[in-house]
Every structure is written in C-alpha cells, then in structure tokens.
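Data block below; observations after.
The values are calculated or read from the model by the stated rules, or taken from the named source; none is laboratory data. Keep in mind that this is a model prediction, so the values were computed, not measured. All Cβ positions, even for glycine, are placed from backbone atoms using ideal geometry, and neighbour counts span all protein chains on display.
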Amino acid sequence: MKHLIDTLTRLKDKGIGFKSLTENIDTTTPGGKLIFHVFGSLAEFERDLICERTQAGLLAARARGRNGGRPKSPLSDERKLAMAQKMYTDKTIPVKDILTNLGIKKTTFYKYLKARETNVLRVSW
C-alpha cells in the first residue's frame, strides 16, 4: 500500500494524474483520492487477514502432525549415505542399482556424494 501511494505521489509531483477506467477512480479529485485510499486500505486489510489465516492453518496442521515441505531424501539418513558411498567406491554394485534401491535420482546421489567428500554433513534441497 505504501509503495502504491508513493508511486501516485511521485506521479502527482510530475503533474500526472491517475484515473482507473474500470473502477472509475480519478485521483486528481478529492473524492477520487478518498476512494483510492479506502480501496487500498481494504486491500491491505484483506492481505493481512489472508496471512493470519495461512499462519493459523499451518499451526493447526503442525499440531496434527502434518509438516509441509518436500519429503526428506533417503540419503538424509547418515547410515544409508555411508552405505551408498561405500558401495559406490568399492564398485560392488552398479550406480543404477544403488539408485533404484534408494529410490533417488542420479543428480541427487552425486550431490550427496560431493557434499560428503567436501565434509559438508547435511545438504538441504
């Protein structure tokens, strides 16, 4: 809302008026300015209500044990990652079979291996 008002103020300073054709708002008149600010305030109020409802919904979902976000990769378990890396370095099992058994994509597997080699313990996606 503040940005919108600042933009219209800058336009007014340059001698430019704002007229909405669909809502019939003309900010060059006192009544038009009033309507513009009332509509802007209502829009900001609605946006704040949506944010509050969203946060309340997320808290209620977390209370029920539902966490949002992407599911964790099977390689987030350090033991599975160590085992996968051992199989990869020993060349006992083809990479394709490792990927199939873990249920991950090749790029994910190599990102985890690279992170482990550079001593980064956790990689978040």
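Here are a few things to note about the model shown:
- Residues in the range 1-30 that are part of a helix (DSSP H, G or I), among the charged types (D, E, K, R) and in contact (Cβ under 8 Å) with a residue 12 or more places away in the chain: LYS12 only.
- Single unsatisfied condition, GLU46 versus (1) touching a residue at least 40 places away in the same chain (Cβ under 8 Å); (2) within 30 Å of ILE5 (Cα to Cα): (1)
- Residue check, LYS33 among the basic types (Lys, Arg), assigned to a helix (DSSP H, G or I) and not assigned by TED's automatic domain parsing to the domain that holds LEU113: yes
- Listed by first and then second residue, the pairs linking a residue in the range 101-117 that is loosely packed, with under 12 Cβ neighbours inside 10 Å to a residue that is in a helix (DSSP H, G or I), with Cβ atoms under 9 Å apart and 6 or more places separating them unless they lie on different chains, are GLY103/PRO74; LYS105/LEU99; LYS106/VAL95; LYS106/LYS96; LYS106/LEU99; GLU117/GLN85.
- Test for THR100: is it at pLDDT 85 or above, more than 32 Å from the chain's Cα centre (by Cα), farther than 19 Å from ARG70 by Cα and among the polar types (S, T, N, Q): no
- For the range 50-80, the set of residues classified as more than 15 Å from the chain's Cα centre (by Cα) and of a type in the set (Ser, Thr, Tyr) consists of SER73, SER76, listed by residue number.
- Boolean, SER41 is closer than 30 Å to ILE104 by Cβ, among the hydroxyl-bearing types (Ser, Thr, Tyr) and touching a residue at least 40 places away in the same chain (Cβ under 8 Å): no
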